[in-house]
Amino acid sequence: MFHQPEEKRALLVSDAWRAGYGLNTTETRVLLRVPYNAALIQLVKAQGITFSAVRSSTFYKQQWMILMVDTAVACPVDGVNYTNKTIIWTVPKYFHALCAGATDFKDVLVEAGVNLHKLSAEEMASRKYVLSNDINTITMKIPIGAEGGSYKTSVSSGKHGAKYSINLFLEHQWEDNKWGLTKYTIIKEIETPFEQAELVVTNNLSVSARLMNVTVGMFLLDVELVNLTIEGTTVTVPEAIQRGYLAYEIHYANGSKIYVIQVSFDAPGIKKEYVTDDTREYTLNVTLKFIILPTRDTFSVPIITVSAVKDVVLPSARGFCDENDFHLIITRGNVDQNWLPFISEQHLMPEVAQKDYYSLNDNGTHLTVSVPFLSSLVDYKDIHISGIMASLHLTLKDGVTLANKKDFSISCRFPPSELIQCLPNGTVVITAIKLVRLADLDTSLLVLRDKQCKPGLVTKKTATFKFNVNTCGTSRTFNSTSITYENDVLYFRPGNDIPVY
């Protein structure tokens, strides 16, 4: 029969068993087991602490009589606090549910232990446990992490952390003026709240071996690495090893471990970025997924490490000129695979090279550029009887930002004869060039002495005239062995009758 505040509820033993209660007798004992979630449980408070309590009367039929045994059971539901990395478990000593009607109490024994093993005072002191027996309460204080308990990995909102658990028991014996000797034993499994654990990621760089050795930890032994996500692709640990991502564990004597991810600078997925004249940055961006055993909860740890390594080899160049062309040969370095060649802000491309009268060849290790002397890509510095000083400036630009990365230039002096061609039929072909210092000159406005004689071919930097020696205001001078023909290339600004050049 179960005693409820409003009524008494009678059950047959068979019905009680089906409801989950345990009833049994031996020669010396009567046993009653009650689940914490049983329907006839009552929640009662004593000194502010909630107990799950049940009171029952059990009737045993014997040959000449019926034996009635009153039973009361109360287990604390709460009473545990956590302060300053310490578990504080408080249990009231005497309360109505266990000692109804008693008024005079005397302690006989107070003992405590872990995992059903009683601890002596010396053992408690060595573990820094504190057991206090006050007038109304018994209190146990256990440092979180102390011997006797254990940590287990936990996950909250996807974050990795841990909980500390310990299985305590407390035995309190007392005598009172109503029930005599009472032995009260509590077995209490306590688990601390989730505490996020800070994971430390360390990159132990080996420049000589060109390896990143990234350590992640600390972890408890109940954690296992299950996969890695590299460049958006999730692979198992064996598959990652095939890709050049070696993953292994290092165990420590305190029951913890770290994971090591060893990756070559040249492994797939490693981002390389040229940052200064001698330094590249290697970025490892990988996500590790872990599983907790036996709960099979999972959590992920993103890892981004940047390693600055002084291993830059910049492109270099050598150049030369022949009678008609500039030639520039660039030896590729290890940072310019995505750099683009530009001359005078024009992107050099094989598909337009023939149209613009230059040649371009890139075999992966060398970039070769050949540009004619009379090309709009050439800058003309000076003209003298000894020759024309011309320069070719090539810039390698970043393939994404188009920022200037490396400049190369070559200067050569070409003979003036490159500008004049006299044909047997009395026709003269001359090419006028625009010098760098004449930035405002428009080559299409160049004329000969006879202003009606205009260039037949015009580029941004040249104007080509073709005329007969008897036209366009050409003068002649005779000497004993030859005839000299002269004309002038003039530049008039619009609306001005006086030549500027």
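The values are calculated or read from the model by the stated rules, or taken from the named source; none is laboratory data. Keep in mind that this is a model prediction, so the values were computed, not measured. Neighbour counts are summed over all protein chains in view; Cβ atoms, including those assigned to glycine, are modelled from backbone coordinates with ideal geometry. Surface accessibility is based on the protein's heavy atoms, side chains included, excluding ligands, DNA and RNA. Shrake-Rupley method; radii C 1.70, N 1.55, O 1.52, S 1.80 Å.
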*Give me the accessible area of TYR184, 1.4 Å probe, in Å² rounded to the nearest 10.*
30
*asked:* Within 10 Å, at most 15 other Cβ atoms, and a DSSP state outside H, G, I, E, B define an exposed site. Report the longest part of the chain free of exposed GluC sites (Glu not before Pro).
replied: 28-197
_Principal axes of segment 278-412: Cα extent on each, largest first, Å_ = 90, 31, 22
*What is the magnitude of the charge dipole of the chain about its Cα centre, with +1 placed on the Cβ of each Lys and Arg, -1 on the Cβ of each Asp and Glu, and no other charges, expressed in debye to the nearest 20?*
500
*asked:* Can you report the principal axis dimensions of segment 198-309 using only the alpha carbons, biggest first, rounded to whole angstrom?
replied: 51, 31, 23
*With every protein chain in place, what's the accessible area of ASP488 (1.4 Å probe, Å², nearest 10)?*
70
_Let me check something: with ligands and nucleic acids excluded, how do CYS472, CYS75 order by accessible area (1.4 Å probe), largest to smallest?_
CYS75, CYS472
*If all Cα-Cα distances of segment 419-500 are sorted into 5 Å bins from 0 onward, what percent lands in each bin, rounded to whole numbers?*
3, 14, 24, 24, 17, 10, 6, 2, 0
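Test of understanding: given the chain, find the longest segment containing no trypsin sites (Lys or Arg not before Pro) that are in a DSSP loop and have at most 10 other Cβ atoms within 10 Å. Don't skip to the answer; put the middle values down first.
Values: sites that count: ARG29, ARG296, LYS310, LYS355, ARG437.
Counting at most 10 other Cβ atoms within 10 Å as exposed, the longest clean stretch of the chain is 30-295.
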*Which FRET efficiency value, to the nearest 0.05, do you get for ASP311 and VAL235 by plugging their Cβ-Cβ distance into 1/(1 + (r/R0)^6) with R0 = 22 Å?*
0.20
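Using Cα-Cα distances under 8 Å and only pairs 6 or more residues apart, what relative contact order does segment 198-309 have, in percent?
Relative contact order, segment 198-309: 26 percent.
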*asked:* Charges on Cβ only, +1 for Lys and Arg, -1 for Asp and Glu, centred on the Cα centroid of segment 419-500; of SER444, THR484, VAL469, which one is farthest towards the dipole's positive end?
replied: SER444
*If eta is 1.567 mPa s and T is 4 °C, what Stokes-Einstein diffusion coefficient results for segment 343-494, Kirkwood Rh from Cα pairs, in µm²/s?*
73
*asked:* Please list ILE241, ILE41 from largest to smallest accessible area, probe radius 1.4 Å, with all protein chains kept in place.
replied: ILE241, ILE41
_Can you compute log10 of I(q)/I(0) for segment 76-158 with the Debye formula, treating each Cα as one identical point scatterer, at q = 0.10, 0.16, 0.22, 0.24 Å⁻¹?_
-0.34, -0.76, -1.18, -1.31
*Would you mind getting the accessible area per residue of segment 359-486, heavy atoms of the protein chains only, 1.4 Å probe, in Å²?*
55
*So what is the relative contact order for segment 415-471, in percent, with contacts set as C-alpha pairs under 8 Å and at least six apart?*
35
*Towards the positive end of the charge dipole of the chain, with charges on Cβ (+1 Lys, Arg; -1 Asp, Glu), say which of ILE261, LEU367, TYR82 has the farthest Cα.*
TYR82
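To one decimal place, what Kirkwood hydrodynamic radius in Å is obtained for the chain from all pairs of distinct Cα atoms?
Answer for the chain: a Kirkwood hydrodynamic radius of 33.3 Å.
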